[in-house]
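First up is the structure itself, then whatever we jot down about it.
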Amino acid sequence: MPAVVIVNLGTGNLRSVRKALEHVGADEVLVSGNPSDIRNAGHLVLPGQGAIGTWMRQLEHNEELGAAVRERLAPEAGPVLGICLGLQALYDASEENGGTRCLGILEGAVRRFDADPRSAGAADATPRRKIPHMGWNQVRQESAHPLWRGIDDGRRFYFVHSYYAESDDADHVAGTCEYGNRFIAAAARDNLFATQFHPEKSQRDGLQLLTNFIHWNGVSQPCS
Amino acid sequence: MSLACRVIPCLDVDAGRVVKGVQFVDIRDAGDPVEVARRYDRQGADEITFLDITASSDQRDTIVHVVEAVAGEVFIPLTVGGGIRRLEDIHRLLEAGADKVSINTTAVRNPDFIREASEHFGNQCIVVAIDAKRAGDGDDPRWEVFTHGGRNATGIDAVEWARRMEDLGAGELLVTSMDRDGTRDGFDLPLMRAITDAVSLPVIASGGVGTLDHLADGVLDGGADAVLAASIFHFGDHTVEEAKQHMASRGISVRLPV
């Protein structure tokens, strides 16, 4: 089977993602920023940590790399898994770094958590919100998807982020999570699946999701 | 909000080996960080923290190898503290598979290092460790920041320091009471409460855990978002799972096994 390729934009720790994919049985895992590796990947992983401005700049400054990644995001181009910034970057824009234009694959925006969710209309009893949202939180599965196979609804995954995605388009929302407000924990469309949480750090359920990914053909029909 | 309170076992590592007596009867090599980490992972630990206490500088690399080995087998967040002085140290640990680094002495020596590190790697991976000792007494408690494992007083007020670290870009605080560390008398709850009230960052409470109730108290009375403990887990008094069951029985949201 062609390799699983993890897109390397030089921003952060990709070793854990690679190790986790190897652990669940991926034959060959490449960490690469080489456009031809990205084009030839069987399964593509788009991870990311840190600041989205830096992340998007890497894609824009390296035009060929940016073009290769965009090609892979097209509906027929084979399975892609976005992780953390790899989810946020799929939307139109993020508030981070003074406003960052993103890839615009999915309709929606990325906003910063407000330290006081009460100002966003939450109940008075809601405790003050710590930022970053860091730790294990429950994911409600909003649609059936091959990547949820073997994972019960409401299981906890590891999150660490200060910005979150929201959208008026409910069709692509595969999972949500509650942290003062409900936000998009997983997005899915055609060959894309993306998580705000870190499956590579989410123990058994995270490894199950990665297992499902490497066996996924990139068609988001629920398999029965 | 259903974010779980985290339970974090802490391992002291010296020259690549777990020290301070992990006493699992059914473990082959209690000094092997991978084996111990795997055990805690299975018990449901939410993260694992390694404190590198290696004294000799020519063995500093051993912690990097420890992280590499553990990160290849244990898929939960890993934090490493001890001996971090330069951005390059952070870079190497993150590359090896650590998710966060915990910084104490270097932050005191050069507070701007926290800003640089946070800008460079993102604040999500920068934990500032605050070792605090009581200075005021009775009705007007105050705490002073210490460095070098509690040996050196700094004259800095711990609560003000916590706010300053938040402003400079810390992503999380690990607060250890030096008065309680090793006593098994429970967390210094007024210290934890003073700091959790002062900042909007997640706070990990540490120092003094002797019973499962102490863990719950740290969350309910101290306001902590996570609790860190060593000996109650290492000596086999309690498993991480028992700790979580107990915390759940006191109404705390935790991640339990299916």
Residues of the stretch A:15-39 that turn out to be hydroxyl-bearing (Ser, Thr, Tyr) and touching a residue at least 60 places away in the same chain (Cβ under 8 Å), as a count: 1
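Looking only at the stretch B:147-157, decide whether some residue is open to solvent by less than 30 Å² (accessible area, probe 1.4 Å), touching a Ser or Thr at 6+ places or on another chain (Cβ under 8 Å) and at pLDDT below 95.
If we filter the stretch B:147-157 for residues that are open to solvent by less than 30 Å² (accessible area, probe 1.4 Å), which is where we start, we get B:147, B:150.
Right, trim to touching a Ser or Thr at 6+ places or on another chain (Cβ under 8 Å) and you get B:147.
Add one more test, that the residue is at pLDDT below 95, and what stays is B:147.
Yes, the stretch B:147-157 contains at least one residue that is open to solvent by less than 30 Å² (accessible area, probe 1.4 Å), touching a Ser or Thr at 6+ places or on another chain (Cβ under 8 Å) and at pLDDT below 95.
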Conditions (1) touching a strand residue (DSSP E or B) at 6+ places or on another chain (Cβ under 8 Å); (2) open to solvent by less than 10 Å² (accessible area, probe 1.4 Å); number of the one not met by A:Ser16: (1)
Matching residues in the stretch B:77-100 - criterion: being within 22 Å of A:Phe197 (Cα to Cα), open to solvent by less than 30 Å² (accessible area, probe 1.4 Å) and within 11 Å of chain A (Cβ to nearest Cβ): B:Pro77, B:Leu78, B:Leu93, B:Leu94, B:Ala96, B:Gly97, B:Ala98, B:Asp99, B:Lys100
Selected residue (only one of B:Gly31, B:Gly21, B:Gly72, B:Gly16 is surrounded by fewer than 20 Cβ atoms within 10 Å (Cβ to Cβ), within 14 Å of another protein chain (Cβ to nearest Cβ), modelled with pLDDT under 95 and over 30 Å from A:Arg129 (Cα atoms)): B:Gly72
B:Arg42 being more than 22 Å from A:Leu207 (Cβ to Cβ), in a helix (DSSP H, G or I) and over 19 Å from the mean Cα position of the chain (by Cα): no
The stretch B:45-66, subset part of a strand (DSSP E or B) and not hydroxyl-bearing (Ser, Thr, Tyr), residue most open to solvent (accessible area, probe 1.4 Å): B:Leu51
Whichever residue in the stretch B:116-144 is out of contact with any strand residue (DSSP E or B) (no Cβ under 7 Å at 6 or more places or on another chain) and away from chain A (no Cβ under 14 Å) and, among such residues, is most open to solvent (accessible area, probe 1.4 Å): B:Asp139
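In the stretch B:84-148, which strands (runs of 3 or more DSSP E) lie fully inside it and hold 1 or more residues that are of a type in the set (Asp, Glu), within 19 Å of B:Ile63 (Cβ to Cβ) and touching a residue at least 40 places away in the same chain (Cβ under 8 Å)?
In the stretch B:84-148, no matching strands (runs of 3 or more DSSP E) lie anywhere.
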Yes/no for B:Asp112 being of a type in the set (Asp, Glu), open to solvent by 10 Å² or more (accessible area, probe 1.4 Å) and over 22 Å from B:Arg6 (Cβ atoms): yes
Among residues of the stretch B:160-184, those that are out of contact with any strand residue (DSSP E or B) (no Cβ under 7 Å at 6 or more places or on another chain) and at pLDDT 95 or above, counted: 6
Filter result for A:Trp148 (aromatic (Phe, Trp, Tyr), in contact (Cβ under 8 Å) with a residue 60 or more places away in the chain and within 11 Å of chain B (Cβ to nearest Cβ)): no
Members of the stretch A:53-85 found to be closer than 22 Å to A:Pro2 by Cβ, assigned to a helix (DSSP H, G or I) and touching a Ser or Thr at 6+ places or on another chain (Cβ under 8 Å), listed by number: A:Ala68
Only listed residue being in contact (Cβ under 8 Å) with a residue 12 or more places away in the chain and not aliphatic (A, V, I, L, M), chosen from A:Gly42, A:Gly66: A:Gly42
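The values are calculated or read from the model by the stated rules, or taken from the named source; none is laboratory data. Quantities reported herein were computed from a predicted structural model and do not represent experimental measurements. In this analysis, Cβ positions are derived from the backbone assuming ideal geometry, glycine residues included, and neighbour counts consider all displayed protein chains. The protein model used for the area step is the full one, side chains on, heavy atoms only, and it has no ligands, DNA or RNA in it. Shrake-Rupley method; radii C 1.70, N 1.55, O 1.52, S 1.80 Å.
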